1. Criterion first (at pLDDT below 80, open to solvent by less than 30 Å² (accessible area, probe 1.4 Å), part of a helix (DSSP H, G or I) and farther than 30 Å from residue 19 by Cβ) does residue 137 satisfy it?
2. Open to solvent by less than 50 Å² (accessible area, probe 1.4 Å) and part of a helix (DSSP H, G or I): does that describe residue 119?
3. Answer with yes or no whether residue 130 is of a type in the set (D, E, K, R) and modelled with pLDDT of 85 or more.
4. Restricting attention to segment 241-269, which residues are within 21 Å of the chain's Cα centre (by Cα) and in contact (Cβ under 8 Å) with a residue 60 or more places away in the chain?
5. Quick check on my filter: what residues within segment 107-119 are under 14 Å from residue 139 (Cβ atoms), without any contact (Cβ under 8 Å) to a residue 24 or more places away in the chain and not aliphatic (A, V, I, L, M)?
6. Which numbered condition in (1) open to solvent by less than 30 Å² (accessible area, probe 1.4 Å); (2) at pLDDT 90 or above is the only one that residue 366 fails?
7. Looking at this structure, is residue 125 in contact (Cβ under 8 Å) with a residue 24 or more places away in the chain, surrounded by 14 or more Cβ atoms within 10 Å (Cβ to Cβ) and not hydrophobic (A, V, I, L, M, F, W, C)?
8. Find all pairs meeting these conditions: Cβ atoms under 6 angstrom apart; at least six residues apart or on different chains; first residue within segment 141-160 and within 15 Å of residue 92 (Cβ to Cβ) and assigned to a helix (DSSP H, G or I); second residue aromatic (Phe, Trp, Tyr) and open to solvent by less than 10 Å² (accessible area, probe 1.4 Å).
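The values are calculated or read from the model by the stated rules, or taken from the named source; none is laboratory data. Since the model is a prediction, treat every value here as computed from it, not as a measurement. Counting neighbours? That spans all protein chains shown, and the Cβs are built from the backbone with ideal geometry, glycine included. Protein only, heavy atoms only, side chains kept; ligands, DNA and RNA dropped before computing areas. Shrake-Rupley method; radii C 1.70, N 1.55, O 1.52, S 1.80 Å.
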Amino acid sequence: MLAVAVYLAVIFCGYLLVSRKDRSLLHWMTPSVALSVPALFLFPTLYTMMFGTESSTYARQYTLAAETAQLVVPALVYRWIKTPAIGCRGKRPEVRIGHWLVLFFAIAVFLPVLIQFHAYLLDPREIYLKTRRGFGITFFGSAMLLNIAGALFFFRKEKNRIADVLFWLLVVALSLEHGSKGELVQFVWFWILFRVYVDDRPFRLGEAVRFIAVGGALACTAFVFLGIAEPGDIIQGFAKYADYNRTAALVIDDPDHPVYFGLITVENEIYSRIPRAIFPSKPTVYGSYILTRRYFPASAWRDVGSPDFGVGIQYADFGPFAIVYIAMFAAFGGWATSCVVRRIRTDPNPGNLLLLAFFSGIQLIPLGAGYLLPESLVLAFGVQAVLRLPKFRLLPRIRPSLSEASVDASRDRLHT
């Protein structure tokens, strides 16, 4: 408990450094801290208190130190390393119907899946399980388009309450049909980033406290609604669900585990990018699945995917030196975030919002594996390039005739 408290105090100090620089209690670190602290620190500690643990002290301390480095190193780099402004150039656009067009495109892309599995429309998790193979382009393509639509929404020119509510109802409905619990939360992070870095409206103490309270209540409700925990056992349900450290400890405590020297990371990066529809002979056991086969041989992993091994993936690749690799990667993330924040201050556009979302830990292209920086760059700059295209009209602009113009002018002179 004492070690966890020390690590959390270090994370809290790093978070405050960013809060002080950005003058807001909610900022780009909020998504990663809001998700990582409960899942990697609080709930595993509750699980150990309730059920005990079989992992060694070394494994527990190593995972906590590595996870702390992932969160704190970017904050230190962001706070004290001076960076250039790098990102998409362009003034703030006025989106008219772009967010609607992208949303309808996302619906059209996912519609074949909904038609094929219409019997499971009320059980989206089953759709998610049945589309893990052979539906990558459809599934991840529609999720990516939803993220773009959500980002464009905040740059809309006109605000209409009925149209806005309808837009988000469609976004929520399609997101739920994807069967992924984290997809809806991403739009909240988009809103925070837009408000702080585009609208320049920081979150003060009262607003931040209300946001955390409402967010916590909604998270508990979602866990009950999705059947992860019963109302009377919500804490126990949360604790059981956060198993990242336990699976990582399986790798760290394995005395006979081989060192893969980066093979798992490389295979995750390569094979996760290749759709099975294009490469039918793509291996079924690659990257993280190698660890699944080793540590969960009796599970039906071919149908439900691979459990998240957390920092165990890096440990399997590099052994005890994994924490150095993690810290270096985290430092790059903090540097890149600083570059994008400086750019979005002068060029507040959807492309930079997407880039900032990526470096904040939001999955723009939710493949589940791999560091999709090249794809996210193409996505952000592509969206910005489309917004720069010259606008055209299906019908010519109707201009007043010469006589009408002269009448209007004479009326104006009489009124003055």
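1. no
2. Here the answer is no, as residue 119 does not meet what is asked.
3. So residue 130 fails the test.
4. Hits for segment 241-269 are 241, 242, 243, 244, 245, 268, 269.
5. Passing the criteria: 116, 117.
6. Failing condition for residue 366: (2).
7. yes
8. Once the first residue is within 15 Å of residue 92 (Cβ to Cβ) and assigned to a helix (DSSP H, G or I) and sits in segment 141-160, its partners that are aromatic (Phe, Trp, Tyr) and open to solvent by less than 10 Å² (accessible area, probe 1.4 Å) give 151/190.
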